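What follows is a single structure, written as C-alpha cells, with notes after it.
The values are calculated or read from the model by the stated rules, or taken from the named source; none is laboratory data. Quantities reported herein were computed from a predicted structural model and do not represent experimental measurements. All Cβ positions, even for glycine, are placed from backbone atoms using ideal geometry, and neighbour counts span all protein chains on display. Accessible surface areas use protein heavy atoms only, side chains included; no ligands, DNA or RNA. Shrake-Rupley method; radii C 1.70, N 1.55, O 1.52, S 1.80 Å.
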Amino acid sequence: MAHSSSLPLTFLLILVCHIVEQVNGVWPLPQQRDVSADRYILSPKSFSFTYEKDSAAQSGCFILDAAFKRYFSIIFPDFNDGPALRRYHVWLEPEPFIVSVSVKTRGCDGYPDEDSDESYNLSVSEGQAVLTSVSVWGALRGLESLSQLVYQDDDDAYFINKTEIVDFPRFAFRGLLLDTSRHYLPLHAILKTLDAMAYSKFNVFHWHIVDDPSFPYQSRTFPDLSNKGAFHPFTHIYTQSDVMRVIEHARMRGIRVVPEFDSPGHTQSWGRGQPDLLTPCYKGSTPSGSFGPVNPILDTTYKFMEHLFKEVKSVFPDSYVHIGGDEVSFSCWQSNPDVRTFMENMGFGKDFTKLESFYMESIMNMTAALNKTSIVWQDVFDYHERIPQDTVLEIWKGTTEKYYAEMSRMTKAGHRVLLSAPWYINHISYGQDWRDSYAVRPQNFSGTEEQKKLVIGGEVAMWGEYVDATNLNPRLWPRACAAAERLWSNEEKTLDADLAFPRLEEFRCKLLRRGIQAEPLFVGHCKHEYNDL
C-alpha cells in the first residue's frame with residue numbers, strides 16, 4: 001500500500017476540499033461565509049465562553065448564561081465518554097479555546113418580538129471565536145451556527161475550521177404551527193419541537209391550541225372550557241403553568257409563542273363548556289339538536305370573547321394573536337330563523353359572508369383595543385371584510401399560481417402577508433418531498449418592490465389529524481428544515497436542492513445526535529445513529 005507521502009497532489013487537494021466541505025454544513029445557509037482548510041483541535045477541558053468587556057450583556061444575562069451551558073453539551077456530546085477523549089490527549093494537548101460574545105444592546109429579560117434583530121457576525125481563528133450581535137437573539141443564532149461548525153474525526157477528536165460568517169435572516173417571521181386539538185401533544189413533545197426549531201433558526205411557534213375536537217387550554221376565566229371540552233379534564237390539558245413553561249422554554253431559544261383561538265368555525269369543543277355560544281341548527285322549524293359556528297347575533301357571544309381575549313393577552317406576552325376565521329360553514333346559520341331575521345335587519349340579505357365579516361370585524365376591533373396584532377386566515381380577506389390595516393393575512397390554500405395571485409391582491413391592498421400554503425407538511429408522500437418545500441419562492445408573485453416587502457415570512461404547518469407524539473418528530477424533521485432555509489437564507493444561493501442535499505443530510509445526522517428523531521432523507525447512515533430506541 002502506498003504511503004501518504006506519495007499520494008498525488010490532486011488527491012490531497014480533493015481531500016482538503018472534502019474536509020472543508022464537510023465542516024461547511026451550517027443549516028440554514030448563512031448569508032456570507034468563508035471557510036478555510038486551517039483547522040484547530042478543540043478540547044472540552046480547555047473550551048470556554050466569555051463576555052467581551054464592551055458587551056451590554058454580561059454574566060448574569062440568564063438567556064446567554066443558559067445558552068452557554070446548553071451549547072457546551074451540544075458541541076461536546078460525548079464529553080463524559082472518557083476513553084474517546086483520552087485517545088487523542090496522549091499525543092496532543094489542545095490550547096485553550098475561548099468563545100467571546102459581545103452584544104450591543106441589553107434585553108436579557110425581555111421576549112423576542114417582530115422587531116428583534118437576529119443578525120450576528122462570527123469569526124473563528126486560532127484559539128478563539130468572536131461572536132458579535134446587536135441583540136441576545138442574534139447571539140443565540142450565532143451560537144447555533146458555531147455549534148454546527150464543530151466536527152469530529154474518526155478518532156472522535158473535535159475540530160473547528162478557520163471561518164468568517166456574516167449572517168441575518170431573510171424574513172422576520174419564520175413559523176411552525178402545531179395543532180394540539182386533534183391530538184393532544186404532551187408537554188415534552190412541544191418542548192422538544194422548540195429545541196429542534198432553534199437548531200433550524202425558526203423563531204415563531206404558532207400554537208393552534210384548540211379546535212373542534214378538543215379544548216385543552218385550561219382557562220382561568222372559563223374553567224369549564226377544558227373541564228368539558230378537553231379529551232380528558234386532567235390528563236389532556238395545558239395548565240397555566242404548562243403554558244408558562246412553553247413560553248419560557250421558547251423565550252430562552254429566541255422563539256415567540258403566538259396562540260391561535262380560531263372562531264367562529266372550528267369551535268365545536270368550545271360549546272361543551274360555554275352554553276349558548278354556538279348557533280343551534282334547525283331542521284325545518286325545529287332545532288335539530290346539533291350546533292354550528294359561534295352564534296354571531298348575541299351580545300353574550302361578544303362579552304365572552306372579550307373576556308377570553310383579555311385572559312389571552314395576560315397569559316401570552318407576544319403582540320400577535322391568531323384569531324382564525326377560516327372554513328366557516330354557513331348551512332347552520334342559514335337554517336336558524338333568528339339568524340335569518342338578524343340578517344334582514346342588518347341589511348345583509350342572504351349573503352352569509354357579510355355575517356362572518358360582521359363577526360370577524362368585531363373580534364379584530366376587540367384584539368386591536370387590547371394592543372394585539374391579529375393574524376387571520378386568508379378567508380377573512382377573500383370575503384372582502386373591513387380589515388384593520390395592521391392585520392397580518394395568512395395564505396393557507398391554493399396551487400402555486402393561486403397563492404401568488406392572492407399574494408398580489410393582499411399586498412396591493414397594503415396588508416402584510418404570511419405564506420403557509422406550500423408548507424403543509426402534515427401531508428406526506430413517498431420520496432424526497434422536502435425538495436418541493438425547498439423550491440418555494442415566497443416573493444415570486446407579480447407586484448412592486450414595496451408589495452414584496454409586505455411578505456414578512458411564512459410557516460410550516462403540522463396539522464394533527466394523523467399526528468401525535470408517536471410520529472410528530474419524524475414527520476416534522478428534517479422536512480421542515482427545507483422551509484427553514486428558504487425563510488432564512490439568500491434565495492439565489494440556495495436554489496439548487498442537489499447542492500443542499502449533502503448539507504441537509506449532515507444536519508439530519510446532527511439532529512439525531514441531539515436527540516431529535518428526524519427521519520432519513522434517503523439511503524445511507526449516520527456515524528452516530530439515534531440511540532434512544
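Residues with beta-carbon under 12 Å from that of ARG409, excluding ARG409: net charge, scoring Lys, Arg +1 and Asp, Glu -1? Present the calculation step by step, with values, prior to reporting the outcome.
Working: positive: LYS402, LYS412; negative: ASP382, GLU406.
Here the count lands on 0.
Cβ neighbours within 10 Å, averaged per peptide: list 459-468, 123-132, 475-484 in order, most packed at the top. Please report the intermediate quantities before stating the final value.
Values: 459-468: 19.3, 123-132: 17.6, 475-484: 25.3.
Averaged packing, sorted descending, gives the order 475-484, 459-468, 123-132.
What accessible area per residue comes out for the chain, rounded to a whole number of Å², with a 1.4 Å probe?
Working: 23140 Å² over 533 residues.
About 43 Å² of surface per residue is accessible.
Can you give me the angle between helix 337-346 and the longest principal axis of the chain, using Cα atoms only, in degrees from 0 to 90, rounded to the nearest 10?
90
Hey, which lysines would be in cross-link range of LYS69, C-alpha to C-alpha under 22 Å, not counting anything within fewer than 8 residues on its own chain?
Within the straight-line limit of under 22 Å, LYS69 reaches these lysines: LYS45, LYS53, LYS104, LYS192, LYS201, LYS510.
How big is the dipole moment of the chain about its Cα centre under a simple scheme where the beta carbon of each Lys and Arg is +1, that of each Asp and Glu is -1, and everything else is neutral? Debye, nearest 20, please. Numbers along the way, then the final one.
Values: 52 positive and 69 negative charges, 78 e Å.
For the chain, the charge dipole is close to 380 debye.
For helix 136-149, report the angle its Cα long axis makes with the longest principal axis of the Cα atoms of the chain; keep it between 0 and 90° and round to the nearest 10°.
Tilt relative to the chain: about 50 degrees.
With θ set to phi - 60° and the Karplus curve 6.51 cos²θ - 1.76 cosθ + 1.60, what are the ³J(HN,Hα) couplings of region 446-463 in order, to the nearest whole Hz, using x for Gly and Pro?
7, x, 6, 4, 4, 4, 5, 5, 6, 7, 8, x, x, 9, 8, 10, 10, 6
Would you pull out the residues with amide H under 5 Å of ASP179's amide H, same chain only if 5 or more places away, H placed 1.01 Å from N?
Amide H neighbours of ASP179: MET462, GLY464.
Taking θ as phi - 60°, what are the ³J(HN,Hα) couplings along region 109-124 by the Karplus curve (6.51, -1.76, 1.60), each to the nearest whole Hz, with x for Gly and Pro?
9, x, 10, x, 9, 5, 9, 4, 8, 9, 6, 7, 10, 10, 10, 10
Measure nothing but the geometry: give the 0 to 90° angle between the long axis through the Cα atoms of 240-251 and the longest principal axis through the Cα atoms of the chain, rounded to 10°.
Value to nearest ten degrees: 40.
Name the residues whose placed amide hydrogens come within less than 5 Å of the amide hydrogen of TYR51, ignoring near sequence neighbours (fewer than 5 apart) on the same chain.
VAL101
Mind checking the dipole of region 239-297: about its Cα centre, +1 per Lys or Arg Cβ, -1 per Asp or Glu Cβ, Debye to the nearest 20?
Details: 6 positive and 5 negative charges, 30 e Å.
Rounded to the nearest 20 debye, it is 140 debye.
What are the ³J(HN,Hα) couplings of region 283-299, residue after residue, when phi is run through the Karplus curve with 6.51, -1.76, 1.60 and θ = phi - 60°? Round to Hz, x for glycine and proline.
Values, residue by residue: 10, x, 9, 10, x, 8, x, 9, 10, x, x, 3, 7, x, 9, 9, 4 Hz.
Quick one: pull the percent of accessible area on the chain belonging to carbon and sulfur, 1.4 Å probe, ligands and nucleic acids left out. Don't jump to the answer; show the numbers that get you there.
Details: 12470 of 23140 Å².
Roughly 54 percent, rounded to a whole number.
With charges set only on the Cβ (+1 for Lys and Arg, -1 for Asp and Glu), what does the dipole of region 174-241 come to about its Cα centre, in debye to the nearest 20?
Values: 6 positive and 5 negative charges, 40 e Å.
Charge dipole of region 174-241: 200 debye, to the nearest 20.
Across region 361-449, what fraction of all alpha-carbon pairs, as a whole percent, falls in each successive 10 Å bin from zero upward?
15, 43, 28, 12, 2
Rounded if a/c is under 1.5, else prolate if a/b is larger than b/c, else oblate: which is the chain, with a ≥ b ≥ c the root eigenvalues of its Cα gyration tensor?
Numbers: a/c = 2.22, a/b = 2.06, b/c = 1.08.
Because a/c hits 1.5 or more and a/b exceeds b/c, the chain counts as prolate.
Tell me the net charge near LYS493. Cut-off is 11 Å between Cβ atoms, LYS493 excluded, with +1 for each Lys or Arg and -1 for each Asp or Glu.
Values: positive: ARG33, ARG170; negative: GLU485, GLU491, GLU492, ASP496.
Local charge sum for LYS493: -2.
Under 19 Å between alpha carbons, and skipping anything fewer than 8 positions from LYS412 in its own chain: which aspartates and glutamates qualify?
Hits, sequence-local ones excluded: ASP379, ASP382, GLU385, ASP390, GLU394, GLU401, GLU449, GLU450.
Excluding LEU419 itself, what net charge comes from residues whose Cβ is under 9 Å from its Cβ, given Lys and Arg +1 and Asp and Glu -1?
Details: positive: none; negative: GLU394, GLU459.
In short, -2.
Calculate for the chain the 222 nm mean residue ellipticity that helices alone would give, adding -39,500 (n - 2.57) per DSSP H run of length 4 or more and normalising by residue count, nearest 500 deg cm²/dmol.
On the way: 19 runs with 196 residues, N = 533.
So the calculated ellipticity at 222 nm is -11000 deg cm²/dmol.
Quick check on my link table: of LYS228/LYS372; LYS228/LYS303; LYS313/LYS354, which ones sit more than 25 Å apart, alpha carbon to alpha carbon?
Details: LYS228/LYS372 28 Å; LYS228/LYS303 20 Å; LYS313/LYS354 28 Å.
As for pairs spanning more than 25 Å Cα to Cα, those are LYS228/LYS372; LYS313/LYS354.
Using only the Cα atoms of region 287-373, build the gyration tensor, take square roots of its eigenvalues as a ≥ b ≥ c, and label the shape rounded, prolate or oblate: rounded if a/c is under 1.5, else prolate if a/b is larger than b/c, else oblate. If you can, show how the numbers build up before the last one.
Working: a/c = 2.32, a/b = 1.99, b/c = 1.16.
Cα axes put region 287-373 in the prolate bin.
Which of the listed residues, VAL315, PHE159, PHE352, is farthest toward the dipole's positive end in the chain, when Lys, Arg count +1 and Asp, Glu count -1 at the beta-carbon?
Checked the options; the winner is VAL315.
Set Lys and Arg Cβ to +1 and Asp and Glu Cβ to -1, take the dipole of the chain about its Cα centre, and tell me which of ALA368, GLY524, GLN240 lies farthest positive.
Ranked along the dipole, the leading option is GLN240.
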